[in-house]
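This is the structure, below, for whatever I ask next.
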Amino acid sequence: MRWSFVCVAAGSGSRLGGEPKQFRLLGGRPVWAWSAKVARQLWREGLVGDFVLVVPHSHPLEAILEEWEGPLAPMGFSVVAGGLRRQDSVIRGIAQARGEMVLVHDAARPLVSLDLCLRLIRRAEERGSAVPLIGCHDSVRAMSDGEVVGSLDRSGLMLTQTPQAFPRLQLMEVLSQGGKFTDEAEAWLASGRRIGWVEGDRRAFKVTDQLDWEVARALVEPVEYRCGHGYDVHPLVPGRPLILGGLEIEGANLGLQGHSDADAVCHAVADAILGAAGEPDIGTLFPASDDRYKGAYSLDLLAEAYRRVVQGGFQIQWVDVTINAQVPKLSSWIPRIRSSISRALGGLKVVNVKVKSGEHVGSVGRGESIVCHAVATLRRS
């Protein structure tokens, strides 16, 4: 096989902050390992004979080899320490490579496709070298001393991506002649050589800042949405305070009967979020047979249900609550109930509350009970 794949992951990744971006987990694998995935596909196609990873000189090479040598060994895998400049890192990587031709790729572009690599290889076989280019769709301005001084004609401008394909020994010669270059194509052109090109791929964008990172995650990490329904009913009896949404409803002549404070709103919301998360209902988690929950403040139970859902990796997107009550009149309490439920859900402003009359039908309509329904939408990456 005459091609090698060199993945340059030797930068500091400081602009994104935190752990160097090339070692962050994206979709369950390090960012650099997405390039290895494509290289392995090229190896299966009979094109690439080895994969070289270039890491920061301070990074422990042994740890990467210990974890990845097994999975990547069949196609040939090695790790080398990079240099101070990008071109120094590339020289060290291609010196380790074995192929006559080399694909040099930036690890910060994890979503490179097999199709783009195949087109680059074909073009480089024809022209001796090849880079991917994409059009510049924004208007371009020239700056000087912090001031806008003019415009550039974007019709003649193209943006360069990686991988970039070159003869290995000639590229090493070009990079060794000195100078400072942002990529291999710049050094190649500065040496007076011509270069072929193919249409690039916008998915192969470079992860530079937080927004880039969020876009990359959105593209590769599956998002799961779930809906849950909660329902609760309690009879109205004298001698009990009426607690709804964690609030005591002032002026109510009747309260709800139950083992806890019988807060039908909190119970329905808790069951909705627990159901969406695939958890047991509130009666199972906080059973009436357990004296610890006798007279319990149900807003605290809702907060505990919320913690359980969050620990399962879920985020609450929306909660819609319908309180069905003939008496007392509750419309003026809607904003306060909504705020109280929101506080129990970590302060999320994702709660809607509606009140419906029983229309004098059934136990609710006769003022004998209050019924509450809640629907919750949860999201998990």
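The values are calculated or read from the model by the stated rules, or taken from the named source; none is laboratory data. This structure is a prediction, so every number in the text was calculated from the model and none was measured. Every residue, glycine as well, gets a Cβ built from its backbone with ideal geometry; the counts of neighbours run over all protein chains shown. Ligands, DNA and RNA are excluded from the accessible area calculation, which covers all protein heavy atoms including side chains. Shrake-Rupley method; radii C 1.70, N 1.55, O 1.52, S 1.80 Å.
With a probe of 1.4 Å, find how much accessible area segment 145-223 has per residue, and write the answer as a whole number in Å².
On the way: 4760 Å² over 79 residues.
So segment 145-223 comes to 60 Å² accessible per residue, rounded to a whole number.
Further, regarding this structure: Given the DSSP H assignment, sum -39500 (n - 2.57) over each helix run of at least 4 residues in the chain and divide by its residue total; what's the result at 222 nm in deg cm²/dmol, nearest 500?
Details: 12 runs with 123 residues, N = 381.
That comes out to -9500 deg cm²/dmol.
Now for a different question. Could you state the number of Å between the C-alpha centres of segment 1-65 and segment 317-348?
A separation of 50 Å, based on Cα centres.
Let me ask something additional. Enumerate the amide H contacts of Lys356 below 5 Å, restricted to partners 5 or more residues apart or on another chain; note that Pro and chain-start residues carry no placed amide H.
Close amide H contacts, sequence-distant or interchain: Ile323, Asn324, Ala325.
Find the accessible area per residue for segment 263-381; the probe is 1.4 Å, ligands and nucleic acids are left out, and the unit is Å². Display every interim value, and only then the final one.
On the way: 5550 Å² over 119 residues.
Computed with neighbouring chains in place, this is 47 Å² per residue.
To the nearest 10 Å², what's Met101's accessible area with a 1.4 Å probe?
Approximately 10 Å² for this residue.
To the nearest 10 degrees, how steeply does helix 334-344 sit against the main Cα axis of the chain, on a 0 to 90 scale?
The angle comes out near 60 degrees.
In the set (i) -0.34; (ii) -0.43; (iii) -0.62, which value of log10 I(q)/I(0) by the Debye sum over Cα atoms at q = 0.08 Å⁻¹ was calculated from the structure you see?
Correct label is (iii).
In degrees, nearest 10, range 0 to 90: what is the angle between the Cα axis of helix 31-44 and the longest Cα principal axis of the chain?
On a 0 to 90 degree scale, this one is about 60.
Here's another thing I want to ask about it. With a 1.4 Å probe and all protein chains kept in place, how much accessible area does His234 have, in Å² rounded to the nearest 10?
We get 30 Å² for His234.
Continuing with the same structure: Compute, for Val233, the solvent-accessible surface of its heavy atoms (probe 1.4 Å) with the complete set of protein chains present, and express it in square angstrom to the nearest 10.
60
Highest first, please rank the peptides 256-268, 148-160, 368-380 by the mean number of other Cβ atoms sitting within 10 Å of their residues.
Details: 256-268: 24.7, 148-160: 10.8, 368-380: 21.8.
Highest mean packing first, the order is 256-268, 368-380, 148-160.
Turning to a different aspect of this structure: Find how many whole Å separate the alpha carbon centroid of segment 151-186 from the alpha carbon centroid of segment 193-245.
Each part's Cα centre sits 38 Å from the other's.
Multiply the residue gap between Arg193 and Ser339 by 0.36 nm, knock off their C-alpha separation, and tell me the result in nm, one decimal place. Write down the numbers at each step before the final one.
On the way: separation 146, 0.36 × 146 = 52.56 nm, distance 6.74 nm.
So the extension gain works out to 45.8 nm.
Per the 1.4 Å probe, what fraction of the accessible area of the chain, in percent, lies on carbon and sulfur atoms?
Values: 9340 of 18500 Å².
Taking all protein chains in place, the chain shows 50 percent carbon and sulfur surface.
I would also like to ask the following. Express the relative contact order of the chain as a whole percentage, based on alpha carbon pairs under 8 Å and six or more residues apart in sequence. Could you put the intermediate results ahead of the total?
Details: 800 pairs, mean separation 54.0, N = 381.
In percent, rounded to a whole number, it is 14.
Hey, what did segment 262-381 get for relative contact order, percent, Cα under 8 Å, at least 6 apart? Walk me through the numbers on the way to the answer.
On the way: 195 pairs, mean separation 44.1, N = 120.
Relative contact order of segment 262-381: 37 percent.
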